[in-house]
There are 2 protein chains.
Amino acid sequence: MRANSSRPPHSRGQIALAQPAQVVALGFLGAILVGGLLLASPWANSEGQFTSLVDAIFTATSAVCVTGLTVVDTATYYTLFGKIIIIVLIQLGGLGIMLVASLLSMLLMGKIGTLTRLSSQRESSALSGQDIRTAAKTVLFLSLSIEALTACVLAIRFWLSYDHSLPLALWHGAFHSISAFNNAGFALYSDNLMGFVDDPWISLPISFAIILGGLGFPVLVQLRRYGSNTLKWSMNTRLVLLMTAILLVGGTAFITIMEWNNPKTLGALDPAGRLLAGFFQSVQTRTAGFNSIDIGAMHPATWLGMDVLMFIGAGPAGTAGGIKITTVAVLAFIIITELRGDAAVNVLGKRLSRSVHRQALTVALLGAAAVFAGTMCLVLFTDYSLDRCLFEASSAFGTVGLSTGITADLPDAAKAVLISLMYLGRVGVLSLGSALALRNRKAHYELPKERPAIG
Amino acid sequence: MRANSSRPPHSRGQIALAQPAQVVALGFLGAILVGGLLLASPWANSEGQFTSLVDAIFTATSAVCVTGLTVVDTATYYTLFGKIIIIVLIQLGGLGIMLVASLLSMLLMGKIGTLTRLSSQRESSALSGQDIRTAAKTVLFLSLSIEALTACVLAIRFWLSYDHSLPLALWHGAFHSISAFNNAGFALYSDNLMGFVDDPWISLPISFAIILGGLGFPVLVQLRRYGSNTLKWSMNTRLVLLMTAILLVGGTAFITIMEWNNPKTLGALDPAGRLLAGFFQSVQTRTAGFNSIDIGAMHPATWLGMDVLMFIGAGPAGTAGGIKITTVAVLAFIIITELRGDAAVNVLGKRLSRSVHRQALTVALLGAAAVFAGTMCLVLFTDYSLDRCLFEASSAFGTVGLSTGITADLPDAAKAVLISLMYLGRVGVLSLGSALALRNRKAHYELPKERPAIG
Ligand SMILES: [K+]
Ligand SMILES: [K+]
């Protein structure tokens, strides 16, 4: 994947897409088409029927973009073949993004050092085959280790406590572990994970895998290398861990308090169960999208708060969606700096590169514009209320997969809107963020000390 | 209003409020309290009853903050005394903001020149009595001229075509002209201005006064001084005129297209009437808040688009609300710059001061947070749907005054939320914007060429 030197120089007015981001954009399209065709085939359907192309493409997009929105009941609609297609698409999509985003963010943060060459054409950033192999090995090792560990715990629990046969327990353990680590949110039960609402042996391992996947590869690598030696952590690692803690605690408190007395959601559980379910549902907004309580029965104000959580997402270069917690953190620190009247934006003891300010702004506002436009389309194309449409659009863009229950009943035009939002939320945010950041690399010399990844 | 030199120096961590902004904040509180007490008295009520304090304070806040949201029918509920209280509050609030914001923005844009002294305490910016008298005279002259002209046209039309007696026509002409120029949106007809939906002799003069008030004092002064000699226009004038044109044309197209076939709104009119009513309603989102068609009968998607228009508002240092079109323009130019990959943000031929970037971001995001929090409260405190609550909160924060028709039926807690939003949208945006801008004045030497007012 070397810089293509025969390429004409691009005009200044053009968005310079980094090559790895282009590979992701095309690779995702290809995987969606192939996966969609396979899922449309009669072998994938448990009744041997062809599936409509819109529904098949929707499911394939939802799997590759690790979203988890579903227009059919995954548990009963698909054959084992169909389910294997889905989980393979999830693993490809999740690992693919993680690998490419990791390469990009290492490139951006100057961690690759001499291995990185930037050609004179600013948009042609090249990585050597060696870089890619090393990064791929580490991503694969970390991902498969966490997935295997989670799968074992889940399989044992399914086997011992839920009357699953050993092969079924292993299959379900593997499927839900992969779906969790990749923040996909697909489940093999018709009520998603509502049957396990008060079982910490299912909820907690899944939450654990989701959170680790959402931290992102650069953070996982630093945690493995430096452990709790916080002095060695990069600004990216500090921001991701801080924001993850804030959002998990804040989200748990918000959902638990709002739904405490709602008999259709948390109200039916004992206090410990309410806390467990509230925590589990808060984790899902970072952006896995399983549900152990009925999202459709929640209070509209809870939906509204979750919209924000889903739009934010989790860490960059991980399996989560959203505009990323680093983007939000940068904006928050800018506002704090303005209110305090300081000259430079200082973040947890380091100065924030000024070029990141405008990038964060651009990613956040264009993301908000995408969700707004998508919501507007859903309000126009359906009779559903604004709160449900906004929730659906936020969930699709954030590649979360939670729904108030309207996805399957949407007209094809609305499904196409969600397909676009899922693709934009997954590929668009990464491409935009990395294009902006790579292009600004020239300013790296004049300006700042360090930069977190945006988008 | 000289700098108080005996005052202890403020710590860096404190928001430095400019003195004029403090005067506005307190003056508005005083006017709301006095006006509220007068409106609560039996002399104000046409049946001689006391009005509940919440409703009276709501109406006084709505008048002083030139919002126009109403919890009672202004036309029938209030006596002539009550109506005069309301129009006096509107004129005080509108002129007061315009005067103070103009002083602040002249100060910021360095237009006062040698008359301005900044003391060593950065937050103590002082204007001489002479400055204030000159500015006040110009503001008064411009405002009263436009109001008088509009009032004449309206009075003649009311007198000749609507069977109003001459005194009634003059009174209604004056009231609606003041209400229009100050972007207040109060009307003396129970159906607001729906009776004049297809009358250009009422719609257009009112639109004209609204737009002029919304341009803001600095723009009016430059237009009067330089006319169409665009080379002499400041960046602020260019941005305000450009954005006003874009929002008027875009808003008219949006509303007209969305409602074209809606029999309860535009659908009942002939094509020319639809265009006139669409234009009139588009003007109202900048942020006057009259209505000539039934807002409650519009499509929810139209509401959603209008939410954005209302949140944006019009020009700074005028009578309009919202986060201001200059704020939005700055954000838009930043995004365009990022997408193009330019180093500096160039706006219509001039370079944008870098210190404005973070100010615009801060004003816009804190404004969005206020609307979000207000909407969340309305969803919690009432059973109304999200689209109506969001519309109501956007309308209150943007001091627009349009409503889907729920204001009067809200519980007191929700009314208190709207009162806070109106005050925040009027006083908070001005104070925040000017505090941020004045505080950053020290950087004026190192940094930029010119700055538009933010907030
Ligand atoms: K997901
Ligand atoms: K208004």
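The values are calculated or read from the model by the stated rules, or taken from the named source; none is laboratory data. This structure is a prediction, so every number in the text was calculated from the model and none was measured. With ideal geometry, Cβ positions are generated from the backbone for all residues, glycine too; neighbour counts draw on all protein chains shown. Just so you know, the surface numbers come from the protein's heavy atoms only, side chains and all, with ligands and any DNA or RNA stripped out. Shrake-Rupley method; radii C 1.70, N 1.55, O 1.52, S 1.80 Å.
Among the residues of segment B:97-149, what is the count of those that are modelled with pLDDT under 55 and either open to solvent by 10 Å² or more (accessible area, probe 1.4 Å) or within 22 Å of B:Lys324 (Cβ to Cβ) (or both)?
Initial filter on segment B:97-149 (modelled with pLDDT under 55): B:110-126.
If we keep only those that are either open to solvent by 10 Å² or more (accessible area, probe 1.4 Å) or within 22 Å of B:Lys324 (Cβ to Cβ) (or both) as well, we get B:110-123, B:125.
Number of matching residues: 15.
Against the condition open to solvent by 50 Å² or more (accessible area, probe 1.4 Å), more than 16 Å from ligand 1 (Cβ to nearest atom) and in contact with a Gly (Cβ under 7 Å, 6 or more places away or on another chain), how does B:Phe254 come out, does it pass? In short, yes.
When the residues of segment A:376-407 are filtered to those that are out of contact with any Ser or Thr (no Cβ under 6 Å at 6 or more places or on another chain) and open to solvent by 50 Å² or more (accessible area, probe 1.4 Å), the one that is farthest from the other protein chains (Cβ to nearest Cβ) is A:Gly405. Only one of the numbered conditions (1) open to solvent by 10 Å² or more (accessible area, probe 1.4 Å); (2) modelled with pLDDT under 90; (3) in contact with a Ser or Thr (Cβ under 8 Å, 6 or more places away or on another chain) is violated by B:Leu231, and that is (3). Consider B:Leu154 carefully, then state whether it is more than 16 Å from ligand 2 (Cβ to nearest atom), open to solvent by 10 Å² or more (accessible area, probe 1.4 Å), of a type in the set (A, V, I, L, M) and in a helix (DSSP H, G or I). So B:Leu154 fails the test.
In segment B:179-205, how many residues are part of a helix (DSSP H, G or I) and open to solvent by less than 30 Å² (accessible area, probe 1.4 Å)?
7
Assess whether B:Thr74 counts as being of a type in the set (S, T, N, Q), within 16 Å of ligand 2 (Cβ to nearest atom) and either more than 16 Å from the chain's Cα centre (by Cα) or farther than 17 Å from B:Ala408 by Cα (or both). Yes; evaluated as a whole, the condition is true for this residue.
Can you pull out the residues in segment B:358-372 that are within 11 Å of chain A (Cβ to nearest Cβ) and open to solvent by less than 20 Å² (accessible area, probe 1.4 Å)? B:Gln359, B:Ala360, B:Leu361, B:Thr362, B:Val363, B:Ala364, listed by residue number.
So, A:Phe208, is that one of a type outside the set (Val, Ile, Thr), under 18 Å from the mean Cα position of the chain (by Cα) and open to solvent by 50 Å² or more (accessible area, probe 1.4 Å) or not? Before the answer, list the steps.
Numbers: of a type outside the set (Val, Ile, Thr): yes; under 18 Å from the mean Cα position of the chain (by Cα): yes; open to solvent by 50 Å² or more (accessible area, probe 1.4 Å): yes.
In short, yes.
Whether any residue in segment A:224-233 is part of a helix (DSSP H, G or I) and closer than 23 Å to A:Gln281 by Cβ is what I want to check. Checked against the condition, which is being part of a helix (DSSP H, G or I) and closer than 23 Å to A:Gln281 by Cβ, segment A:224-233 yields no hits at all. If you go through segment B:275-286 and keep only what is touching a Phe, Trp or Tyr at 6+ places or on another chain (Cβ under 8 Å), crowded, with 24+ Cβ neighbours inside 10 Å and not aromatic (Phe, Trp, Tyr), you end up with just B:Gln284.
A:Arg225 meets the conditions (1) touching a helix residue (DSSP H, G or I) at 6+ places or on another chain (Cβ under 9 Å); (2) exposed (fewer than 15 other Cβ atoms within 10 Å of the Cβ); (3) modelled with pLDDT of 90 or more in every case but one. The failed one is (3). With respect to B:Leu29, determine if the residue is within 16 Å of ligand 2 (Cβ to nearest atom), closer than 30 Å to B:Ala416 by Cα, outside any loop (DSSP other than H, G, I, E, B) and modelled with pLDDT under 95. No.
Within segment A:155-174, is even one residue within 23 Å of the chain's Cα centre (by Cα) and within 16 Å of ligand 1 (Cβ to nearest atom)?
Keep residues of segment A:155-174 that are within 23 Å of the chain's Cα centre (by Cα), which gives A:172-174.
Subsequent filtering for residues that are within 16 Å of ligand 1 (Cβ to nearest atom) retains none.
No, the conditions are met nowhere in segment A:155-174.
If you scan segment B:311-340, which residues turn out to be in contact with a Gly (Cβ under 8 Å, 6 or more places away or on another chain) and within 14 Å of another protein chain (Cβ to nearest Cβ)? Listed by number, the residues that qualify are B:Phe311, B:Ile312, B:Ile323, B:Thr327, B:Arg340.
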